[in-house]
1. Which one, Ile98, Ser196, Gly60, is farthest towards the positive end of the dipole of the range 5-230 when Lys and Arg carry +1 and Asp and Glu -1 on their Cβ?
2. In deg cm²/dmol, rounded to 500, what helix-only [θ] at 222 nm does the chain give when every DSSP H run of at least 4 residues adds -39500 (n - 2.57) and the total is split over its residues?
3. With labels modelled as points extended 7 Å from the Cα through the Cβ direction, what inter-label distance (nm, one decimal) is found for Arg23 paired with Ala133?
4. What FRET efficiency do you get for Glu67 and Gln15 if R0 is 25 Å and r is their Cβ-Cβ distance, rounded to the nearest 0.05?
5. Taking the full set of protein chains and a 1.4 angstrom probe, give the accessible area of Val316 in square angstrom, rounded to the nearest 10.
6. With a Förster radius of 35 Å, plug the Cβ-Cβ distance of His430 and His315 into 1/(1 + (r/R0)^6) and report the FRET value to the nearest 0.05.
7. What percentages make up the Cα-Cα pair-distance distribution of the range 5-230 when the bins are 5 Å wide from 0?
8. Can you tell me what share of the DSSP beta bridges in the range 5-230 is antiparallel? A percent to the nearest 5 is fine.
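The values are calculated or read from the model by the stated rules, or taken from the named source; none is laboratory data. This structure is a prediction, so every number in the text was calculated from the model and none was measured. Cβ atoms come from the backbone with ideal geometry, glycine included; neighbour counts cover every protein chain shown. When the accessible area is computed, the model is the full protein with side chains, heavy atoms only, and any ligands, DNA or RNA have been set aside. Shrake-Rupley method; radii C 1.70, N 1.55, O 1.52, S 1.80 Å.
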Amino acid sequence: MTRAISLHDVSKTYQRGVRVVDRLSLDIEPGEFLVLLGPSGCGKSTVLRMIAGLEEITEGQLLLDGEYANDLLPAARDMAMVFQNFALYPNMTSRANIGFPLRIEAPGEDPSPRVDATARMLGIEDLLDRLPAQLSGGERQRVAMGRAIARHPSAFLMDEPLSNLDAKLRNHLRAEITALTRQLGVTTVYVTHDQSEAMSLGDRVAVLRGGVLQQLDAPRSVYALPRNVFVAAFIGTPRINLLRGLVRAPLDGAMTISLGKQYLRLPEPLCLDHQLLRVQQGREVIVGLRSEAVRIAQPAAARPGEVAISGLVEHVEFQGHEVLVHFDTGSRPAVVPELEAPRPAARPAGRRRREGGTVLDRFRERAGALRAGPVVVLDDPPDGDPAPGSPEGRLPGDLVVRTTPDIDLRRGMHVPLLVDIAHLFVFDQHGERICPAPARLPDLEE
Ligand SMILES: Nc1ncnc2c1ncn2[C@@H]1O[C@H](COP(=O)(O)OP(=O)(O)O)[C@@H](O)[C@H]1O
Ligand SMILES: [Mg+2]
């Protein structure tokens, strides 16, 4: 039997009022593979442990197959957990490790048939007589997985089970986990901070930020229609380009978004997805362009729906089958502080203030007050030119474009670019998506 798992407004507060999971609601269907995705510290493990019964739920309800389960003992929940650190008994062979939970559940029964069947399924028959110390990392994780599977649990809870493995093995086991869980049809909640893992494994992905659910959707939707700038920036490699823009009043009939020294002129009549920009006139927005939304080509080569800009090559990143070209377009990037790699010049003013802040500021931040705040840092006017030479004013390479390796580009070249407006994202000042429109607006539909 496989379980339906529901969380209704579930919160977790550790001592001193730190709310690390904040009113989380999720309905996981029987047999579904749901991924909890988010940066380190956003509360993923805490959610998993609450589902497992290893952590008390502070507020809200957990339902298992529709029944109230907050107080159910872990064993009664009939779920199997797989952790990052394998957690095998060092003095037991693989056979004994896999059979261990079976012997606890049914002391009189011989666990061998189930252990053997599980080992066959995982291709680890040859490893059954070895101790954990005689296994590689990947083999150990297979045995740990075997221990979870052999029990025929009603749900799997996996907490970053692949993150201690090297990249090649990770990809391999990723494919195995997909095949295995589909075959078993058991509800699986899988925790990871790796977006590509989440996208390739999940039926649906729940993106968490500071204990707050940002979006719950199929991988395709999370990528194509991110609800806010955090989700857009967290998902996809290379990272989506986020440029600060200003919505201008229509200029000889066309709506434009100014990007510092250039602008995007939106095709008229405005498509449904761009209608909402009318109410943003004069306001600052964040323009999101995935690297596949821009191509290197002359304005004359523009197809319908493409608009021309240009860029100065800052840096060329050769990747074999493709090349990532970093352009300076004279615009300025929007910064999502939680996702920024530590890079002194890229550090937003807001972050610096916080570091020098009072004890109270730091406490508030830890308490989630800042994490729940706006996603982006925008604290100077978009078109006001920064002081020349200011390291903070502009980052080099504010637009990354993916191209084929046959184009020979060097630093310092001026290059014409075409932006595919059908792939344009626009977010408001709070980081919420405006375009494509959040929902179809009936009053605008003719
Ligand atoms: N036992 C605990 N006591 C106090 N704070 C905790 C405890 N466990 C986790 N936390 C805090 O809760 C937050 C979420 O932790 P966790 O769920 O482990 O995040 P993730 O798995 O997403 O990295 C973190 O800020 C962490 O420091
Ligand atoms: Mg964790």
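1. Ser196
2. My calculation for the chain gives -6500 deg cm²/dmol from helical runs alone.
3. 5.3
4. Values: r = 30 Å, r/R0 = 1.18.
The value I calculate is 0.25.
5. Only protein atoms counted, so the area is about 60 Å².
6. Efficiency for this residue pair is about 0.65.
7. 1, 7, 14, 18, 19, 16, 12, 8, 4, 1, 0, 0
8. Values: 19 of 37 bridges.
Here the antiparallel bridges make up roughly 50 percent for the range 5-230.
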